[in-house]
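Chemist: Could you have a look at this structure, given as structure tokens, before my questions?
The values are calculated or read from the model by the stated rules, or taken from the named source; none is laboratory data. Because the structure is predicted, anything quoted here is derived from the model rather than measured. Backbone-built Cβ (ideal geometry, glycine too); neighbour counts: all protein chains shown.
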Amino acid sequence: MNIQYTLNYAIQLDAQDPLAHMRDHFSIPKQTNGDDELYFTGNSLGLQPALARECVIEVLDAWQQRGVKGHFEGDYPWLPYHEFLTDESAALVGAKPEEVVMMNSLTTNLHLMMVSFYQPKGKKTKILLEDHAFPSDHYAVESQLKHHDQDVDDNMLLWQPRPGEELLNHDDLYKIIEQQGDEIALILLPGVQYYTGQVLDIKTITAKAHAQGIMVGFDLAHAAGNLVMELHNWQVDFACWCSYKYLNSGAGSVAGCFIHQKHCANTDKASQLNRFSGWWGHDKSTRFKMENSFQAIPSAEGWQLSNPPVLSLAAVRGSLETIKLAGGITALRNKSLKLTQYLMDLIQHELADSIRIITPQQDHQRGCQLSLMVTVDGLDGKALFNALEQNGVTTDWREPNVIRVAPVPLYNSFEDAFHFVRILKECL
């Protein structure tokens with residue numbers, strides 16, 4: 001037997017892994033027999049970091065002990081609490097600190113961004129997104145078109161895979177941009193396609209869109225905490241992400257938002273972008289004078305609406321501190337490439353006749369999610385997903401026929417990957 005496909009080899013890889021200790025910073029769910037679950041669903045909900053729990057309890061204690069004074073007292077007063085997350089958030093997505101803010105939820109932020117960046121005018125009225133976009137993104141785009149009295153069928157462009165293929169072809173997108181660029185007002189795409197796990201070329205897409213005078217934004221729900229990005233240098237107009245997947249800050253936790261410096265620094269009332277305004281986006285030095293003339297903060301913070309939910313921000317702070325403890329996104333990506341490659345190799349060696357990986361196999365075209373399709377005649381993929389669940393393996397099912405598996409570098413091990421394939425083979 002090739003040693004590469006043995007348990008001893010997986011154990012050896014873990015012994016050589018400089019991030020193996022990070023698993024100890026997370027709570028791993030238990031099976032009924034007391035063993036750790038094999039948890040491969042960090043692309044849907046990340047596990048709880050110990051620091052996130054500590055930070056939330058710290059805020060609860062401050063509330064208990066100080067009441068309203070907690071806004072101004074202590075090591076992490078609530079009034080500027082979101083600012084304690086800024087540097088790590090910026091590092092995570094390759095931004096300047098003034099370009100990021102943690103606020104609201106993902107789809108709320110997408111709507112706020114489209115208020116600013118979708119301004120149909122003349123022939124430029126269309127929004128381009130990918131076919132089979134995450135439903136919430138599709139709903140948001142459709143409702144924005146309706147809000148602007150634009151016919152949805154005429155103004156929603158869909159970038160579709162070629163017939164018989166699951167993956168999007170970038171050349172097809174570039175052709176759409178070139179041929180219809182004078183009619184496209186906004187492009188909204190994911191950093192990682194949620195169903196297939198395909199990574200999109202954010203840098204090139206942005207450059208080609210800007211060459212046609214098109215605003216471009218990205219939904220980074222499956223990219224933040226998964227990929228190394230340079231949003232500032234790539235000149236992305238805006239981006240939004242949730243924080244409960246690869247950032248591990250708890251279900252429904254506060255989301256993140258990036259607005260390029262060239263947009264957010266412009267607060268001249270005659271030329272600044274349109275926005276929906278709220279008092280937390282108003283100039284901090286005069287906010288509590290309670291005047292009714294809005295003056296935007298000259299940063300991404302200027303898009304804030306209300307004072308943020310501090311308990312949720314506390315969980316985000318603990319999560320970001322955990323990523324910092326691991327060495328940041330570059331260190332995580334380095335392990336992720338090795339761990340996901342190992343899992344792919346195991347699946348292809350053991351189950352090539354039964355399982356097809358639809359996620360691209362090239363490093364630059366995938367994150368840590370693998371989307372698996374069952375190719376055994378008469379075998380239902382959902383039944384296989386259920387069998388894995390019954391055997392202590394938590395994965396993710398997406399209609400119509402994909403099992404999503406995410407070996408997360410913060411807490412998954414090479415031994416986890418080995419046992420996943422062993423159990424998958426037994427279930428088949």
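Chemist: In the range 185-204, what residues are within 17 Å of Asp137 (Cβ to Cβ) and more than 18 Å from the chain's Cα centre (by Cα)?
Modeler: Within the range 185-204, Ala185, Leu186 meet the criteria.
Chemist: Determine the pairs where a residue that is at pLDDT below 95, located within the range 397-411, has a partner that is small (Gly, Ala, Ser) with Cβ atoms under 6 Å apart, the partner being 6 or more residues away or on another chain.
Modeler: Hits for this filter: Asn401/Gly381; Val402/Ser371.
Chemist: Restricting to the range 82-97, name every residue that is surrounded by fewer than 19 Cβ atoms within 10 Å (Cβ to Cβ) and over 15 Å from the mean Cα position of the chain (by Cα).
Modeler: Those that are surrounded by fewer than 19 Cβ atoms within 10 Å (Cβ to Cβ) and over 15 Å from the mean Cα position of the chain (by Cα): Glu83, Asp87, Lys96, Pro97.
Chemist: Considering each of Gln48, Gln31 in turn, give the residue that is at pLDDT 95 or above and on the phi < 0 side of the Ramachandran plot.
Modeler: Matching residue, one of Gln48, Gln31: Gln48.
Chemist: While we're on this one: So which of Ser306, Ser312, Ser319 ends up being in the same structural domain as Ala251 (by TED's automatic domain parsing), surrounded by fewer than 17 Cβ atoms within 10 Å (Cβ to Cβ) and of a type in the set (S, T, N, Q)?
Modeler: On inspection, the qualifying residue turns out to be Ser306.
Chemist: Something else: I'd like the residue in the range 67-81 that is surrounded by 13 or more Cβ atoms within 10 Å (Cβ to Cβ) and under 23 Å from Ala300 (Cα atoms) and, out of all such residues, is farthest from the chain's Cα centre (by Cα).
Modeler: Looking at the filtered set, the residue picked out is His71.
Chemist: Is the range 216-224 home to any residue that is crowded, with 24+ Cβ neighbours inside 10 Å, out of contact with any helix residue (DSSP H, G or I) (no Cβ under 9 Å at 6 or more places or on another chain) and not acidic (Asp, Glu)?
Modeler: Checked against the condition, which is being crowded, with 24+ Cβ neighbours inside 10 Å, out of contact with any helix residue (DSSP H, G or I) (no Cβ under 9 Å at 6 or more places or on another chain) and not acidic (Asp, Glu), the range 216-224 yields at least one hit.
Chemist: Filtering the range 249-281 down to residues that are of a type outside the set (A, V, I, L, M, F, W, C), in contact with a strand residue (DSSP E or B) (Cβ under 7 Å, 6 or more places away or on another chain) and not in a loop (DSSP other than H, G, I, E, B), which residue is nearest to Met215 (Cα to Cα)?
Modeler: Filtering first and then ranking leaves Gly256.
Yes/no per residue for (1) in contact (Cβ under 8 Å) with a residue 12 or more places away in the chain; (2) closer than 27 Å to Asn104 by Cα; (3) assigned by TED's automatic domain parsing to the domain that holds Leu372:
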{"position": "Tyr118", "(1), (2), (3)": "yes, yes, no"}
{"position": "Leu129", "(1), (2), (3)": "yes, yes, no"}
{"position": "Pro135", "(1), (2), (3)": "no, yes, no"}
{"position": "Gln160", "(1), (2), (3)": "yes, no, no"}
{"position": "Glu166", "(1), (2), (3)": "yes, no, no"}
{"position": "Ile176", "(1), (2), (3)": "yes, no, no"}
{"position": "Gln179", "(1), (2), (3)": "no, no, no"}
{"position": "Leu220", "(1), (2), (3)": "yes, yes, no"}
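Chemist: Would you check if there is a residue in the range 265-284 being touching a residue at least 60 places away in the same chain (Cβ under 8 Å) and within 15 Å of the chain's Cα centre (by Cα)?
Modeler: No, the range 265-284 has no match at all.
Chemist: Now a separate question. Read through the list (1) touching a helix residue (DSSP H, G or I) at 6+ places or on another chain (Cβ under 6 Å); (2) in the same structural domain as Ser243 (by TED's automatic domain parsing); (3) surrounded by fewer than 15 Cβ atoms within 10 Å (Cβ to Cβ), then give the number of the only condition that Gln64 fails.
Modeler: Among (1) touching a helix residue (DSSP H, G or I) at 6+ places or on another chain (Cβ under 6 Å); (2) in the same structural domain as Ser243 (by TED's automatic domain parsing); (3) surrounded by fewer than 15 Cβ atoms within 10 Å (Cβ to Cβ), the lone unmet condition for Gln64 is (1).
Chemist: If you don't mind, there's one more thing I want to ask. When you scan the range 309-428 for strands (runs of 3 or more DSSP E) that lie fully inside it, which ones turn up with 2 or more residues that are among the aliphatic types (A, V, I, L, M) and within 19 Å of His222 (Cα to Cα)?
Modeler: In the range 309-428, 370-374, 402-405 are the strands (runs of 3 or more DSSP E) which contain 2 or more residues that are among the aliphatic types (A, V, I, L, M) and within 19 Å of His222 (Cα to Cα).
Chemist: Pick out the one residue from Ser136, Ser116, Ser89 that is within 29 Å of Gln272 (Cβ to Cβ), part of a helix (DSSP H, G or I) and touching a Gly at 6+ places or on another chain (Cβ under 7 Å).
Modeler: Ser89
Chemist: In the range 370-386, is there at least one residue being hydroxyl-bearing (Ser, Thr, Tyr) and either at pLDDT 95 or above or under 30 Å from Glu88 (Cα atoms) (or both)?
Modeler: Looking through the range 370-386, at least one residue is hydroxyl-bearing (Ser, Thr, Tyr) and either at pLDDT 95 or above or under 30 Å from Glu88 (Cα atoms) (or both).
Chemist: Keeping to the range 307-335, report how many residues are small (Gly, Ala, Ser) and either within 14 Å of Ala255 (Cα to Cα) or in contact with a strand residue (DSSP E or B) (Cβ under 8 Å, 6 or more places away or on another chain) (or both).
Modeler: Of the residues in the range 307-335, 5 are small (Gly, Ala, Ser) and either within 14 Å of Ala255 (Cα to Cα) or in contact with a strand residue (DSSP E or B) (Cβ under 8 Å, 6 or more places away or on another chain) (or both).
Chemist: Scanning the range 78-97 for residues that are touching a residue at least 40 places away in the same chain (Cβ under 8 Å) and of a type in the set (Gly, Ala, Ser), which turns out nearest to His263 (Cα to Cα)?
Modeler: Ala95
Chemist: Does at least one position in the range 214-234 carry a residue that is within 27 Å of Leu339 (Cα to Cα) and among the polar types (S, T, N, Q)?
Modeler: For the range 214-234, residues within 27 Å of Leu339 (Cα to Cα) and among the polar types (S, T, N, Q): present.
Residues checked against (1) out of contact with any Leu (no Cβ under 7 Å at 6 or more places or on another chain); (2) charged (D, E, K, R); (3) on the phi < 0 side of the Ramachandran plot:
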residue	(1), (2), (3)
Ile259	yes, no, yes
Gly278	no, no, yes
Ser285	yes, no, yes
Ser299	yes, no, yes
Asn307	yes, no, yes
Leu313	no, no, yes
Glu321	no, yes, yes
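Chemist: If you don't mind, there's one more thing I want to ask. Only one of (1) surrounded by fewer than 16 Cβ atoms within 10 Å (Cβ to Cβ); (2) touching a residue at least 12 places away in the same chain (Cβ under 8 Å) fails for His21. Which number is that?
Modeler: The single condition His21 does not satisfy is (2).
Chemist: For the range 119-133, indicate whether the set of residues that are more than 30 Å from Asn401 (Cβ to Cβ), touching a Phe, Trp or Tyr at 6+ places or on another chain (Cβ under 6 Å) and either surrounded by fewer than 18 Cβ atoms within 10 Å (Cβ to Cβ) or of a type in the set (Ser, Thr, Tyr) (or both) is non-empty.
Modeler: no
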